[in-house]
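The values are calculated or read from the model by the stated rules, or taken from the named source; none is laboratory data. Please read these numbers as outputs of a predicted model, since none were measured by experiment. Please note: Cβ atoms are built from the backbone with ideal geometry, for glycine as well, and neighbour counts cover all protein chains shown.
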Amino acid sequence: MKAISIRNVPDEVYKSLQEMARKNRRSLQEQIKLILEQEVKLKNRSFLAGAAQWRKHLLGRELTDSVNMVRKDRER
């Protein structure tokens, strides 16, 4: 594994990271590493791949037409 050193972190950002780490019962280093990992995963995940996953997940389900449901509800 590689090590990264970050310089000139604004005081507010540093304090916020410390607070996040404390709330999540992690060390500051663990918290920053987790944030970086999550950001990289989000960046690498394509929209189309995510949409394909949802289509696969919803395959075979009968989805109702919400427009008709709203219209019927408004008529009451």
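Inclusion of R26 among residues that are among the basic types (K, R) and either touching a Lys or Arg at 6+ places or on another chain (Cβ under 6 Å) or assigned to a loop (DSSP other than H, G, I, E, B) (or both) is warranted. Could we say that S27 is among the hydroxyl-bearing types (S, T, Y), surrounded by 10 or more Cβ atoms within 10 Å (Cβ to Cβ) and without any contact (Cβ under 8 Å) to a residue 24 or more places away in the chain here? Yes; evaluated as a whole, the condition is true for this residue.
A residue that is assigned to a helix (DSSP H, G or I), loosely packed, with under 10 Cβ neighbours inside 10 Å and among the small types (G, A, S) can be found somewhere in segment 52-68. With respect to the conditions (1) of a type in the set (V, I, T); (2) modelled with pLDDT under 95; (3) surrounded by 11 or more Cβ atoms within 10 Å (Cβ to Cβ), V40 falls short on a single one, namely (3).
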